[in-house]
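Please read the structure below before turning to the comments.
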């Protein structure tokens with residue numbers, strides 16, 4: 001089997017039969033659905049070598065043969081004007097046996113720009129004309145035979161969500177992959193020539209008839225209008241919060257906590273105690289901050305339920321096409337603080353993790369917006385782990401306190417955004433955002449995406465959490481915590497109104513943000529102390545990984561400014577709130 005132009009740079013692992021298939025296309029054309037339908041269980045996500053752009057690869061089976069299917073990051077062209085386009089070009093240069101190029105039948109003109117660029121590469125191509133059912137509902141008819149002649153390659157009509165055409169697509173892909181290609185010289189045409197060719201092809205193969213809009217089309221249009229768009233957004237957000245908070249609490253109360261307290265903790269404590277004598281080592285393993293207890297309880301029994309449900313909600317909103325509509329709806333509000341509706345996506349990503357949110361600012365239209373998004377996410381957007389910690393800390397004791405903390409986060413975002421808009425030089429660009437079709441997400445693709453995100457969360461969070469818990473156990477068992485608590489007493493007790501033991505949360509918060517909240521669970525705190533501790537944790541310095549990404553994406557000085565500003569904000573705001581509340585008689 002012969003592979004084209006194979007290079008070693010950034011090359012993903014090869015499949016057993018050394019067959020490589022690239023899955024390419026514009027964003028939001030259904031690539032992820034096709035990928036999930038064609039691949040087996042051996043699926044992994046990774047960053048392309050030397051970049052922070054992620055791709056997904058999995059095994060694809062046909063008879064007794066296996067190939068690697070690589071879901072290349074979505075791109076509109078191969079002009080390499082963005083990191084995603086650069087990675088797409090690199091994958092093509094690395095070589096492949098065949099390319100599956102997915103086209104959106106509802107927007108053929110835009111998709112043909114990439115299709116023609118792929119056509120002129122020296123790699124066999126199979127085109128999947130996806131979303132044909134949606135196109136037909138809009139009155140769009142495409143002559144597939146004519147399109148095949150124009151592209152000089154197989155074109156398979158598909159409805160990926162219903163498996164329509166996927167068997168034929170797979171057959172044709174393997175046929176092209178296993179056939180020794182005839183070497184051709186890649187063709188280069190200018191940008192203007194390519195778009196002229198796109199217009200000619202569309203005119204030749206596509207007919208558009210007038211049709212009445214469907215329910216989902218009408219709903220999608222209404223979702224971007226202030227009325228009823230704002231009530232719809234409030235309802236969506238309320239249902240999302242209820243699903244994450246209520247569902248997480250239900251799973252913990254009925255399944256996880258009984259399993260932890262009645263099964264795991266007694267079993268592991270008995271097992272370790274049977275061969276480890278009493279002393280520091282036993283306490284470090286299964287004591288108050290035992291690594292084998294808190295290292296399982298905090299990430300898996302406390303945070304993971306909320307994380308998993310959050311990923312389900314976010315993936316559903318992404319795949320349905322609702323998030324861009326929310327961005328359009330909020331554009332006028334965000335412009336008051338110097339941002340645009342297109343910034344909603346990276347901001348929302350920050351509620352999952354600040355790292356991809358900051359990396360996502362590369363798509364921003366100006367450096368000013370990149371700096372603003374980064375600053376706001378680092379200051380007042382709690383990541384999903386921190387959100388889970390807030391819910392665990394406040395949800396059972398005071399729902400009003402939980403709501404107050406998140407309202408404070410939103411107000412802080414608006415105030416800080418308005419200040420940064422005045423201080424950071426630069427102009428705001430007009431809103432440029434693609435609005436995909438509003439569709440029902442595919443369940444298989446949704447499950448696969450959520451599973452990959454959960455695996456990545458466990459992989460990223462478990463190590464730092466274990467180190468933080470080990471550090472806490474050593475501080476407690478060696479008596480160093482008491483020494484540090486005495487030094488920090490004027491700040492922690494006098495200014496913030498928290499018990500001395502809360503000093504541990506401040507030290508662990510340097511490792512990961514949720515560790516600035518989780519140790520408070522073991523303390524008997526009043527409602528006021530719960531709120532103060534949560535506010536300090538909300539604004540406290542970003543975790544080490546986030547600071548490293550800020551340093552890499554911008555410069556060391558900005559990382560230091562972020563560290564100092566967030567820490568000072570946490571202590572000043574938390575202390576002022578505590579002092580004012582006590583003067584007003586709140587406890």
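All of the numbers you see were taken from the coordinates with simple rules; none came from a lab. Please read all numbers here as calculations on a predicted model, not as lab measurements. Glycine gets a Cβ as well: all are built from the backbone with ideal geometry, and neighbour counts include every protein chain shown.
Structural remarks
- Mean projection of the Cα convex hull over all viewing directions, computed for segment 256-410: 12.0 nm².
- Altogether, the Stokes-Einstein calculation at 37 °C and 0.692 mPa s, with the Kirkwood radius of segment 498-541 over Cα pairs as Rh, returns a diffusion coefficient of 327 µm²/s.
- For segment 170-298, a Kirkwood radius taken over Cα pairs fed into Stokes-Einstein (4 °C, viscosity 1.567 mPa s) yields D = 56 µm²/s.
- Restricting the calculation to Cα atoms, the chain yields a radius of gyration followed by a Dmax of 26.7, 83 Å.
- Likely footprinting exposure, 514, 57, fewest C-beta neighbours within 10 Å first: 57, 514
- Förster radius 56 Å - calculated FRET efficiency between residue 524 and residue 212 (Cβ-Cβ, nearest 0.05): 0.35
- Enclosed volume per residue, in Å³, of the convex hull spanned by Cα atoms of segment 137-231: 182 Å³
- For segment 443-563, convex hull volume per residue from C-alpha positions, Å³: 146 Å³
- Across q = 0.09, 0.11, 0.17 Å⁻¹, segment 20-212 modelled as identical point scatterers on its alpha-carbon atoms has Debye log10 I(q)/I(0) values of -0.31, -0.47, -1.16, in the order of the q list.
- By other beta-carbon atoms within 10 Å, ranking 489, 203 with the fewest at the front produces 203, 489.
- Stokes-Einstein translational diffusion, segment 436-481 - Kirkwood Rh over all Cα pairs, 1.002 mPa s, 20 °C, in µm²/s: 157 µm²/s
- Cα long-axis angle, helix 527-539 against the chain (0 to 90 degrees, to the nearest 10): 50 degrees
- Volume per residue that the Cα convex hull of segment 72-126 spans, once the total is divided by residue count, Å³: 74 Å³
- Note on segment 224-321: Cα convex hull, mean projected area over all directions, 8.1 nm².
- Each stretch of four or more DSSP H residues adds -39500 (n - 2.57); spread over every residue of the chain, this sum gives -17500 deg cm²/dmol at 222 nm.
- Value of relative contact order over the chain, rounded to a whole percent, pairs C-alpha under 8 Å and six or more apart: 11 percent
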